[in-house]
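This report refers to the structure that appears directly beneath it.
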């Protein structure tokens, strides 16, 4: 699919949903790409920066978040001492779980991440993409998220297998990329504080192959531009209920 088509999709979604921010195009590119970033970057911050208009690359060399090193597949942590140290920070430092058992249970529900040690995650506003992305992330409010999810289920009635627990990089990027599932992320609480994310914003991640079908459904679904109608027999039924 040509880049121009994705740019048109960006304009359509912005207009229909009254989005304040750009849709974020995400691709995982094998091998090195030309890196224009200055200094270290965090993937959770990069999502918001891309929504605000920047184009960024996150790779093993410039990744600033130790957790993302594991969750994005840049490095597989094998040293048990290091793993124990990380768990202690999450449970006793960040205080995101009541116990180590609770943390282990969450980890057990996560898909195995592929080796991305020689890969780079490229994030940019959808209207600026030069090739078809793998994933589209919407930084939106709850009502806009509701409309997107309604458009997703409108197509085939299949509810997305939403997973909202866990770190932003894992839930907003890796889970949709690995499974092809649509997902919602509120950003993990630590990331929300670090990134100073607006209180009314959340993330909806949609694999790019789902986007054309959603676009085609906009004028047929009330979450898009279609008007809600009451068939005659249903109106008569409702009238009878109110008069009896």
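The values are calculated or read from the model by the stated rules, or taken from the named source; none is laboratory data. From a predicted model like this one, the values you see are computed outputs, not experimental measurements. Don't worry about glycine lacking a Cβ; one is built from the backbone with ideal geometry, like all the others, and counts go over all protein chains shown.
Taking residues in region 196-214 that are without any contact (Cβ under 8 Å) to a residue 60 or more places away in the chain, and partners anywhere that are surrounded by fewer than 18 Cβ atoms within 10 Å (Cβ to Cβ) and assigned to a helix (DSSP H, G or I), the pairs with Cβ atoms closer than 6 Å and at least 6 places apart or on different chains are 213/155.
When residue 225 is tested against (1) crowded, with 16+ Cβ neighbours inside 10 Å; (2) touching a helix residue (DSSP H, G or I) at 6+ places or on another chain (Cβ under 7 Å), only condition (1) is not met. Within region 128-146, the set of residues being over 18 Å from residue 46 (Cα atoms), in contact with a helix residue (DSSP H, G or I) (Cβ under 6 Å, 6 or more places away or on another chain) and not in a loop (DSSP other than H, G, I, E, B) comprises 144 only. Report yes if some residue within region 134-152 is within 13 Å of the chain's Cα centre (by Cα) and modelled with pLDDT under 95; otherwise report no. Checking region 134-152: not a single residue is within 13 Å of the chain's Cα centre (by Cα) and modelled with pLDDT under 95.
Taking helices (runs of 4 or more DSSP H) as the structural unit, those lying wholly within region 161-227 and holding at least 2 residues that are within 21 Å of residue 42 (Cα to Cα) correspond to 175-179, 189-195.
Within region 103-115, not a single residue is in contact with a strand residue (DSSP E or B) (Cβ under 8 Å, 6 or more places away or on another chain) and over 23 Å from residue 191 (Cα atoms).
Within region 139-153, at least one residue is under 29 Å from residue 23 (Cα atoms), touching a residue at least 60 places away in the same chain (Cβ under 8 Å), touching a strand residue (DSSP E or B) at 6+ places or on another chain (Cβ under 9 Å) and surrounded by fewer than 16 Cβ atoms within 10 Å (Cβ to Cβ).
Answer with yes or no whether residue 122 is under 23 Å from residue 21 (Cβ atoms), in contact with a helix residue (DSSP H, G or I) (Cβ under 6 Å, 6 or more places away or on another chain) and not in a helix (DSSP H, G or I).
When the stated conditions are applied, residue 122 does not pass them.
Whether any residue in region 89-109 is under 30 Å from residue 222 (Cα atoms) and touching a residue at least 24 places away in the same chain (Cβ under 8 Å) is what I want to check. So far as region 89-109 goes, no, none of its residues is under 30 Å from residue 222 (Cα atoms) and touching a residue at least 24 places away in the same chain (Cβ under 8 Å). Do we have residue 56 as under 24 Å from residue 163 (Cβ atoms) and either surrounded by 15 or more Cβ atoms within 10 Å (Cβ to Cβ) or in contact with a helix residue (DSSP H, G or I) (Cβ under 6 Å, 6 or more places away or on another chain) (or both) here? The answer is no for residue 56.
Which residues, counting only those in region 172-194, are crowded, with 19+ Cβ neighbours inside 10 Å and touching a residue at least 24 places away in the same chain (Cβ under 8 Å)?
Listed by number, the residues that qualify are 172, 173, 174, 175, 176, 177, 182, 184, 187, 188, 191.
If you go through region 80-92 one residue at a time, do you hit one that is under 22 Å from residue 194 (Cβ atoms) and surrounded by 17 or more Cβ atoms within 10 Å (Cβ to Cβ)? Within region 80-92 (the criterion being under 22 Å from residue 194 (Cβ atoms) and surrounded by 17 or more Cβ atoms within 10 Å (Cβ to Cβ)), the answer is yes, since at least one residue qualifies.
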